[in-house]
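This report concerns only the one structure given below.
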Amino acid sequence: MSEKRLTLPQPRIGLGLAALGRPGYINLGHGADMPGERDVDSMRAHCHVMLDAAWQRGLRYVDAARSYGRAEAFLGDWLAARPADRRPTVGSKWGYTYTAGWKVDAEVHEIKSHTLEVLDRQWQETREALGMSPALYQIHSATLDSGVLDNTEVLGRLAQLRDQGVAIGLTTSGPAQARTLERALAVEIDGRPLFDAVQTTCNLLEPSILSMLHVASESGMAVIIKEAVANGRLTARNQRPEDTARLELVDRVAERHGATRDAVAMAALLARPWVDMVLSGAGTVEQLDANCRALDIRLSAAEIEQLDGLAEPSEVYWQTRGNLDWN
Ligand SMILES: NC(=O)c1ccc[n+]([C@@H]2O[C@H](COP(=O)([O-])OP(=O)(O)OC[C@H]3O[C@@H](n4cnc5c(N)ncnc54)[C@H](OP(=O)(O)O)[C@@H]3O)[C@@H](O)[C@H]2O)c1
């Protein structure tokens, strides 16, 4: 096994800002968790409450993106008020542009483009908003179709950032995540692998990328998991009849450990020692506390085997996700 090219902090849970930087998002019941007004000042204050809560619970990694509305700016304000030795490690992303104009019911919330022009523009915007360079900069939702993994200009620019000390990564989405990651593993610039980290969707309903993630880890990539509770489908909030049977098993395991569905779902990922970080998408401090319980849960091999049986066909998972409303 190659040494990891990027060492992420302990513990292996970090705070994701997708639901905290903009008034609208797709997670089940998102609207109900945000502050009443959802104006910029209220959202900034709530985001800072969540960042303080994460720090107080010992979490030392935060995930942002250019397209999460004002997430980077909210994080930048929070970081500016803290001494350097009391700041978490920050990862951010480029490639999507936020277009919702602070509306929840916007026609189009974000537009994806993985061009050199977008990379150069967003790198400047990210550093300005954060007030510093992120430790990790990732292509947002790279796919084989977006062509970014064959765009020599963009890959060359990313290699320049790498040589300036910024870790380079990619995030993947969709049923073809494993093929995208396989392609990314082959990308080398100046004889060195370009990508130090991968962030992928992986959870009890959509675990299809697990074996390719293990290969990536063995090759020295840091492994970051997103959507660990399937945008709320693996939480108490989910009342979808189609999910009842699957959730009954999760509930039995949760009961045995005195925890909640979300904590069991995250613990099943943390049970893989080569997983370096699982992102919490919590919208409230109560949810964050429930998610962090995963750090204390030790699932038995039998429980992991049972939980691994909950997968649904990838195509079905991503179709269901695609139909989740922005709220
Ligand atoms: N393409 C990408 O690169 C990409 C895509 C997606 C996510 N991400 C990253 O991954 C992070 C996490 O992903 P995510 O937020 O999309 O999905 P997620 O973690 O699967 O879902 C989080 C949602 O589940 C609900 N939830 C969590 N814990 C709960 C609890 N204890 N009880 C009830 N509901 C609970 C909350 O919904 P509410 O909304 O109701 O609070 C929360 O927003 C994001 O913040 C982002 O940093 C990256």
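Taking the criterion of being open to solvent by less than 10 Å² (accessible area, probe 1.4 Å) and touching a Gly at 6+ places or on another chain (Cβ under 7 Å), the residues of the range 174-224 that qualify are 195, 197, 198, 199. Select, from 59, 51, the only residue that is free of Cβ contacts under 8 Å to residues at least 40 places away in the same chain, touching a strand residue (DSSP E or B) at 6+ places or on another chain (Cβ under 9 Å) and buried (at least 19 other Cβ atoms within 10 Å of the Cβ). None of the other options fit; the residue is 51. The one condition from (1) more than 10 Å from the ligand (Cβ to nearest atom); (2) of a type outside the set (Asp, Glu); (3) open to solvent by less than 10 Å² (accessible area, probe 1.4 Å); (4) over 22 Å from residue 266 (Cα atoms) that residue 139 does not meet is (1).
Scanning the range 179-211 for residues being more than 14 Å from the ligand (Cβ to nearest atom), free of Cβ contacts under 8 Å to residues at least 60 places away in the same chain and among the hydroxyl-bearing types (Ser, Thr, Tyr) gives a total of 1.
Look through 65, 73 and report the one residue that is at pLDDT 95 or above, within 21 Å of residue 137 (Cα to Cα) and more than 14 Å from the ligand (Cβ to nearest atom). That would be 73, the only listed residue that is at pLDDT 95 or above, within 21 Å of residue 137 (Cα to Cα) and more than 14 Å from the ligand (Cβ to nearest atom). Which count do you get for residues in the range 90-120 that are open to solvent by 20 Å² or more (accessible area, probe 1.4 Å) and out of contact with any Gly (no Cβ under 8 Å at 6 or more places or on another chain)? Qualifying residue count, the range 90-120: 12.
Working only within the range 293-309, note down all residues that are open to solvent by 20 Å² or more (accessible area, probe 1.4 Å) and part of a helix (DSSP H, G or I).
As a first pass, look at the range 293-309 and keep what is open to solvent by 20 Å² or more (accessible area, probe 1.4 Å): 293, 295-296, 298-302, 304-306, 308-309.
Correct list: 293, 295, 296, 301, 302, 304, 305, 306, 308.
Among the numbered conditions (1) in a loop (DSSP other than H, G, I, E, B); (2) surrounded by fewer than 20 Cβ atoms within 10 Å (Cβ to Cβ); (3) at pLDDT 95 or above; (4) not charged (D, E, K, R), the only one that residue 273 does not meet is (3). Of the residues making up the range 225-261, those that are open to solvent by less than 60 Å² (accessible area, probe 1.4 Å) and assigned to a helix (DSSP H, G or I) are 230, 231, 232, 243, 247, 249, 250, 251, 253, 254, 257, 261. Among the residues making up the range 220-259, a single one is touching a Lys or Arg at 6+ places or on another chain (Cβ under 9 Å), among the aliphatic types (A, V, I, L, M) and over 23 Å from residue 275 (Cβ atoms): 236.
The values are calculated or read from the model by the stated rules, or taken from the named source; none is laboratory data. Keep in mind it's a predicted model, so treat the numbers as computed, not measured. Here Cβ is always computed from backbone atoms with ideal geometry, including for glycine, and neighbour counts include all displayed protein chains. Only protein heavy atoms, including side chains, enter the accessible area calculation; ligands, DNA and RNA are left aside. Shrake-Rupley method; radii C 1.70, N 1.55, O 1.52, S 1.80 Å.
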